[in-house]
Amino acid sequence: MVAAALSTVTLTVLLVGLALALVQARRWRAGRAAAVDLWAGLAALPGRYLVDVHAVVGRTPFNARFHALSAGGFLAALALLVVLALPPLRHPALWGLLALALAAMLAGGLMVGYRRRVLRPAGLSGGRFNRLPLALTGFAAAFLLVAADQSAGGVLPVPVGLALVALGGWGLAELVFGVWNGPLKHAVHGALHLVAHPRPARFHDGAGRDSGLRPLDLETADSGPLGAGRVVDFAWNRLLGFDACVQCGRCETACPAFAAGLPLNPKKLIQDLVLSLDEGGDDRAYTGSRHPGRPVGAATSGPSRPLVGPQAMIHPDTLWACTTCRACVQECPMMIEHVDAVVDLRRFQTLELGATPAKAAGVLEELRATDNPGGRSLDRRLDWAVDLRLPVLAAGGTCDVLLWLGDGAYDLRNQRSLRALVLLLRRAGVDFAVLGAEELDCGDVARRLGDEATFQDLARRNVALLNGRRFARIVTADPHAFHTLRNEYPAFGGRWTVLHHTAFLLELVRSGALTVTAPLGQAVAYHDPCYLGRYNGETDAPRALLDAIGARRREMERSGLRSRCCGGGGGAPLTDVAGERRIPDMRMDDARASGAPILAVACPTCTLMLEGVVEPRPAVAEIAELVLAATEPTR
Amino acid sequence: MPSPAETLLKPLTIKHLTLRNRVMSTSHAPGYGSDGKPKERYQLYHEEKAKGGIALTMFGGSSSVAVDSPAAPWNQISVADDSVIPFFREFSDRVHRHGAALMIQLTHMGRRTRWDTENWLPTVSASARREPAHRNTPKEMEDWDFKRIIAGFAAAARRCKEGGLDGFELSAAHGHLIDQFWSPSVNRRADKYGGSLENRMRFGVEVFEAIRAEVGDDYIVGIRMSGDELIDDGLTNEDCVTIARTYAERGLIDFVNVLGGQARDHMAHAISLPNMSFPVAPFLHLPSSIKREVGIPVFHAQRVTDLATAARAVEEGHVDMVAMTRAHIADPHLMRKLAEGRLDDVRQCVGAGYCIDRIYVGGDALCIQNAATGREATMPHVIAKAPARRRVLVVGAGPAGLEAARVCAERGHSVLLLERAASSGGQIAVAAKATWREALTGVTRWLTQQAVKLGVEIRYGVEATAATVEAERPDVVILATGGRPDRGDFPGSDLAVTSWDVLTGAVEPTGSVLMYDGTGLHHGASCAEFMATRGALVEIATPDRMIAEEVGTTNQPIHLRELYRLGVMMTTNHTLVEIYPEGNRRVAVLRNDYTHEEEERLVDQIVVELGTLPNDGLYRDLKEQSANRGETDLDCLLSGRPQPVPEQGCALYRIGDAVAGRNIHAAIYDAARLCKDL
C-alpha cells in the first residue's frame, strides 16, 4: 500500500516534471539554429560533468560535497524509486539501498540548509531557492523513513507511511517541478547544456580552453540581424545555456564591475535573458542581487522585444559596463558563456543600431578611418623608437622574431615598456624586426565593442600582411593582441606561433641569452592580465620570469586564473559607465594589501589603468622594465 | 592643444638624419675647450644631454675656421686644422651612443673678436668699421682674404664630416663675418660684395658653395642667422626673410636657425640673450616669419625655458625644432623626464644668465642651480643611493640647505630639515622681492618640491639650537644657516639700513635715498630699482668703476637700463666713509677713491649693501661636541671621496653663506659636492 503510493507519487511527479521540461525546452527552439553534434555531446556528457563541472564546483569544497551528496543521493534515489515501482523488484535489499541514497541526500540537504540559513553567501538568490533545503530534506527524510520501514518489512502504521509518502512527494514535487523556473532547472538544462554546448572545445575532451570570439557572418544578407537584438536572436543552445543558470552567484562574486558598483551583475544579466524568453516576462520575482543602482520590476520583456534600451530589460549601461574579463565564465559551474552573450548584444547595438556609447563611437570611427584607435598616423608608430633604429620587416625580408608592437607604441607610458623590451631583445641578440607603419591595430577593441565589421577588416588585412612576411614567431607585449592574433586570427587564415613577451623573456633567461646580474631582491606582486591568464591560461611564465630575476613574489588576493580585471578590457574605459568606485582602485587595494612595493604588470592596458591610481600605492612596473634592470651587463 | 609630449616627441627628418624629437641645444661656448679641442669635459657635458633624451645637441659656438678668428683664448674650438678630427670622432661616438645627433657651429668672427691674443693678427671685416663691443677697427678684406677664408670654411666643413658629426651650421648671427657682409650697418663696400642685398649676400653664398663643393649635397649644412637685427641701420625682418629664402632656394642650407637681434653693443647683447626680465620666447615671431617663406626646417632658441612654451612653438607651426639650450644647462635630462611623464621633476631654467655671464669674463659656464652641469666628470646628475642609511639633520632651508636635504634624500638617508622662517628660500626669497629678479624663486621652489617629494621632513618656524639638534640624535648635521647683512663698520654705520630691510618691507623707502653698494652684485642695483619704482628719489653710489660691475654682460645692461629709465643717479668711484645725523635726516660722506676728495649727501635714508656675514652661532655651539669638530675634509671633498665617518658621535658640516658669504651657485655646489658622497 505505502510502496504503491510511493511509486505512484514518484512516477507521477517525474512524468509531470518531464512534461514541464519539454514545455520549457520548446522556448529554446525560438532561437537561431546552431550546428551541434548531439551524439558526441551525449557521449561526452559524463566526462564533462565529472571533470569540467567538478573542477569548477570543487573550487569551493563545501559546495562540492553537498552537491555530490544531495545530487548523487537524489539521482540514485530516483533511479531506485523507478526500479522499485515494479512490484517484483521490491526486495528489502533495494529498499536498503534506497535508504542509503536518501541518507546521503539528507546529509547533503542539511548542508544546503546550513549554507542557506547560516552561511548565507551574498551571491545567492532567495525566493523559491530558499525552499530548496526544506524540499531536499523533506523528501530525503520522509522517503528515508519509508524506505527503511519497507526494508524492515513495513512496521509503521499505514496512515503514518502514507503521510510520509505525502510529505516526501511534496518534496519531490518541489524539486522536480523546479525544473520549471525552479532550483532544479539547472539539473536538466545543465546536463543538456553540457551536451549541446556552443564551445565544446573548452572541455577537457577538447582543447581545454576556447576563448576566441566566433566570427559573425557579415556576408550572407538573409541570415537575420547582426548580433542579438532580441533574445530569439541567440542560437538555441545559447538560450539553453542561459536557462541552465542556477543563480549560485559565483559570477557575481567574481565580477569586477559588480564589485565596483557598476550597474552590471552577470547573474542578473543571464536572468534578464531567461526572463525574456517568456512573453511579458519581468523580473519582479527575481530575488538575487540587482544590477547595482538599477531597479527591478520596471521593465517587461518577451522573445521578440528589444533586449537593450533605457526602458528595456537590459539597460545600456549594464551592457557596456562589462570589461570582458571572463571572470564570470571562469567561475560559472553551468559553463555559461556570459562574454559571448555580451558581445552578441553589443554587436547588435553597434552594427544594427549604431548605439555604441560615449567615447567608444569615436574610437570606432578613428579605427575605421585610420586603422588605429587613437586616430594617429600609422607612420608615427615608431616615433618613440627613432633612436633605437628598429629593423623593419619589409616584404621579402626575414627575421626570427616579429615584434608586434600594438597600440601601446602610441602611448608615452607604454613606449617605456616597449623600449625596455627592445633593449632586452638587443641584449639577448635576438634577430627581430617590426612591421613599422604597416602594422594595423589588431581589432581587439573594435571586436569587444561589437564592431565586428571593423574587426574583420583589420584582421583580414593584418593576416594578409603577416602571411606575406617570413618569420619564425610573433612576440608581443600586449595580451589583447596576443589573444587576438593567436586565437581569433586563425578563423581568417592566420596561423602562427604567437608568444607573450613574458614567455619569450623567460625563454631568453633560461637559455642564458639574458643573464641576471642584479637580482631584484624586492617584494613584487604580479597582476595577471585577463587576456593572458583567463583567456590563454598563461599564469606560470610571468611568475617564473619574476622568480628568475630575483623578485620576492607575493600573491595578491585574486590572482592567477581568478585574477581581478584592471578595468581596462572590452572597451570599458571608452564606454566609461559610472560606478561607485573605479575598478583599478579596487585592484590596487589588493596590491596594497600584499605589502609589496612593486606591482608588476604585463599588459599595456593594465599598466595605464593601474598606474592611473592615485598614490600612495606600489610602483607599477612592466615586467620587461624589471628584467631590463636585473640583467644589466656588468663591466 | 596636444600635450607637450605629443607635440615634442615627434621625430623630424632632415635629409638622411632623423632626429628623435623636437628639442635641441644650440651651439654655445661654455668655455670647456682645451687647446682649441673639445676634450673630455666638453664631451661629457653634451653626452649628459644625449643621455637625457635630447634630439640634437650642437656644440662649439663660434668654432673658428681661420687663424685670424682666434678660438683658443676663449677656450673654444678651432677647426682650422686637422688635429681636431680625432676629437670630433670620439665626441660623435659618445653622443650617438645615446641616440642623439651632434653638430657644430663654424664661423669666422670677422671684427667681433680681439686682435691681441693668440696670433696677433688684425681682425677683418667687410669694411673698416669699428666694432663697439670688442673695440677694434678691422682691416677691410681684400681678394686674397676672400680666397683664404672661403677655403678655410670648406676645409673646416670637411673636418666636421670626417669627424663623424651629423652636420654643422655657419654662424651668420650676432655680427659674425658673414652677417657683417649682410648688414648695411657694417658693409660699406662698393665692389660686388657691397651695395645691393644681392651683393651683400654674395660672400656668404660663395662660402656655402665652396662648402657644398667640399662635402657634397648630402651632408647637413645649416645657418644661424638673425630674423631682424633690431637696429636702425641693420638688417630688417624683410631682409632676413629674403636672405633665408635665397640661401634655401639655392640648396645651400638644410636648416635655418633663427634668433632675434644682434650683439654689437652691451644692450643688444643682453637682448639677444634674454634674461629673466623678458617674457618667455620673446622673439618667436621671427623664426615664424621665416618658416612661412622657406621649405627647410627652422630652429630657434631664445628663452624657451619650459616645455609648454616649446610645444606651443612647434604645435602652432612657428618652428620645427625648439632649442632649449639654457633649459638643458639647468636640466640635461629634460626630455627623458618628459618621456617618463615626470614633468614635475624638471629643474626649469630661471633665466638668471649665470651660465653665460661667466663665459664673457673668461670663466666656464656653470648653472646657478645645477652644480653638476659642466662638472659631469665629478658631479652626478643622478644621485646614487648610499650604502648605508643615515640620519641627517639640516638646518636652514635656503639654497644650500635645500640642496643638501635633496641630495641626502636621494642618497636614501632619513633627512630632517629645520627652518627658522615660515617658508623656504632663505636669501633667495629676499633677493626675489626686487622687481624682475622674481624668477629666482624658481631655484628654491624646485628644491623644496623635490625635497618634499623625496620624503624630507621639513619643520618650519623652528629655531634650531644645540639642544634641539641633539634631541634628534642625528648621524650628520649640516648647517646651512646662511648669512645676515653686513652693516659695515665705518663711523655712523648704525644710521644706515640694509637692502634686506628695504626688500623685506621692514623699512619703507621714502624721500631721498642714498643706496650704497659695496659689492657690485645684483643686490644694490636691484634694491635701488625697487626703491625708485616706489617713488623714492634714489642715488646709487659705488666704489666700482660702474654700477653692478660684478654682474655679467646679459644682466648688467638690464640693471643700467632700468636705473636710467627711473632717473636713478649713478655715482661711481666713491666709497662711503661716514654717516652722521642732521635733524631727522642723514648726511653721507662719500670719498672719491682717486682724488680722495669728499662729498656729502643730505638724504632721508641711507641703504647699504655690503654682503653678508655668516650666521655661525649654532655652528660654534655644536663644534666642540661634534666628532669631526666641524671640519670638512677638503681632500675628500675635492677628490670625491666620502667624508670620514666617525666611530661614534655626530659629524658636523657647514655650507653656503654660513661659512662665508658667496652666491647661490656656491651654496648649492657646497651642498651637492659634500652630500653626494655622504
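By count of other Cβ within 10 Å, fewest leading, how are A:Leu89, B:Leu307 ordered?
Lowest count first: A:Leu89, B:Leu307.
Order A:615-627, A:109-121, B:460-472 from most to least packed using the mean count of other Cβ atoms within 10 Å.
In descending order of packing, they fall as A:615-627, A:109-121, B:460-472.
Under 25 Å Cα to Cα from A:Lys359, which lysines show up? Leave out anything in the same chain fewer than 8 places away.
Within the straight-line limit of under 25 Å, A:Lys359 reaches no lysines at all.
Need one value for A:384-391: mean number of C-beta atoms belonging to other chains within 10 Å of its residues' C-beta atoms.
Counting Cβ atoms of other protein chains within 10 Å of each residue's Cβ and averaging gives 5.
Any of B:Lys139/B:Lys192; B:Lys37/B:Lys139; B:Lys37/B:Lys337; B:Lys15/B:Lys291; B:Lys37/B:Lys161; B:Lys10/B:Lys453 with alpha carbons more than 20 Å apart? Name them for me.
With Cα atoms farther than 20 Å apart: B:Lys37/B:Lys139; B:Lys37/B:Lys337; B:Lys10/B:Lys453.
Which residue, chosen from B:Val207, B:Ala190, B:Tyr219, occupies the Cα position most advanced towards the positive end of the dipole of segment B:179-229, where the dipole is computed from +1 (Lys, Arg) and -1 (Asp, Glu) charges on Cβ about the Cα centre?
Going by the charge dipole, the pick is B:Ala190.
Based on DSSP H runs of at least 4 residues, each adding -39500 (n - 2.57), what is the mean residue ellipticity at 222 nm of chain B after dividing by all its residues, to the nearest 500 deg cm²/dmol?
Calculated mean residue ellipticity at 222 nm is -9000 deg cm²/dmol.
Can you tell me the order of B:310-318, A:41-49, A:568-576 when each peptide is scored by its average per-residue count of other Cβ atoms within 10 angstrom, highest first?
Ranking the peptides B:310-318, A:41-49, A:568-576 by packing returns A:568-576, B:310-318, A:41-49.
Quick check for me: using +1 on Lys/Arg Cβ and -1 on Asp/Glu Cβ, what's the dipole size of the protein assembly as shown about its Cα centre, in debye to the nearest 20?
Computed about the Cα centre, the dipole is about 5180 debye.
Please work out the C-alpha center-to-center distance from segment B:215-248 to segment A:541-610 and express it in whole Å.
Between the Cα centres of segment B:215-248 and segment A:541-610 lies a distance of 56 Å.
Give the long-range amide H neighbours of B:Ser512: residues separated by 5 or more places, or on another chain, with amide H under 5 Å away, using H modelled in the peptide plane at 1.01 Å from N.
The answer is B:Leu537, B:Asp604, B:Gln605.
Across peptide A:410-420, what mean number of C-beta atoms from other chains lies inside 10 Å of a residue's C-beta?
Mean shielding by partner chains, rounded to a whole number: 2.
Which of B:Ile606, B:Ile223 has the fewest other C-beta atoms within 10 Å, and how do the rest follow up to the most?
Neighbour counts put them in this order, fewest first: B:Ile606, B:Ile223.
Using modelled amide H (1.01 Å from N, peptide plane; none on Pro or chain starts), what sits under 5 Å from the amide H of A:Gly126, excluding residues fewer than 5 places away?
The answer is A:Thr287, A:Gly288.
Working from Cα positions, state the angle (0 to 90°, nearest 10) between the long axis of helix B:197-215 and the longest principal axis of chain B.
Helix B:197-215 sits roughly 90 degrees off the main axis of chain B.
Charges on Cβ only, +1 for Lys and Arg, -1 for Asp and Glu, centred on the Cα centroid of segment B:1-101; of B:Ser69, B:Gly33, B:Ile14, which one is farthest towards the dipole's positive end?
Value computed over the given set: B:Ile14.
Picking from B:Trp144, A:His197, B:Ala400, whose Cα lies most toward the positive end of the charge dipole for the protein assembly as shown (charges on Cβ: Lys, Arg +1; Asp, Glu -1)?
The Cα lying farthest towards the positive end belongs to A:His197.
When the Cα centres of segment B:443-496 and segment B:306-374 are compared, how far apart do they sit, in Å?
29 Å
For segment A:108-249, what is the charge dipole size about the Cα centre, in debye to the nearest 20, if Lys and Arg each add +1 at the Cβ and Asp and Glu each add -1 at the Cβ?
Dipole size: approximately 620 debye.
Which order, highest average first, do A:432-442, B:636-646 follow once you tally other Cβ atoms within 10 Å for each residue and take the mean per peptide?
Descending packing order for the listed peptides: A:432-442, B:636-646.
Per residue of B:2-10, how many C-beta atoms from partner chains lie within 10 Å of its own C-beta, taken as a mean?
2
Which whole DSSP H helices in chain A pass both tests: a Cα extent of 24 Å or more along the axis and a mean Kyte-Doolittle value no lower than -0.5?
Sorted by number, the helices that extend far enough and score high enough are A:2-28, A:61-84, A:92-113, A:132-151, A:158-176.
Quick one: check the C-alpha center-to-center distance for segment A:139-166 versus segment B:54-102, whole angstrom.
Going from one Cα centre to the other spans 107 Å.
Helix-only estimate, please: 222 nm mean residue ellipticity of chain A, summing -39500 (n - 2.57) across DSSP H runs of length 4 or more and dividing by its residues, to the nearest 500.
-14000 deg cm²/dmol
Can you give me the long-range amide H partners of B:Gly483? Hydrogens built in the peptide plane at 1.01 Å from N, cutoff under 5 Å, separation of 5 or more residues or another chain.
B:Asn615
What's the exposure ranking of B:Ile359, B:Ile655, going from fewest to most Cβ atoms within 10 Å?
Arranged by neighbour count, lowest to highest, B:Ile359, B:Ile655 become B:Ile359, B:Ile655.
Give me the net charge of B:Ala422's neighbourhood, meaning all other residues with Cβ under 14 Å from the Cβ of B:Ala422; Lys, Arg count +1, Asp, Glu -1.
Spelling it out: positives minus negatives among the neighbours equals 0.
Under a point-charge model restricted to the Cβ atoms of Lys and Arg (+1) and Asp and Glu (-1), what is the dipole moment magnitude of segment A:513-630 relative to its Cα centre, in debye to the nearest 20?
240 debye
A short reminder: the numbers here are calculations on the coordinates, not readings from a lab. This one's a predicted model, so the numbers in the text were calculated from it and none came from an experiment. Quick reminder, even Gly has a Cβ in these numbers, built from the backbone with ideal geometry, and neighbours come from all protein chains shown.
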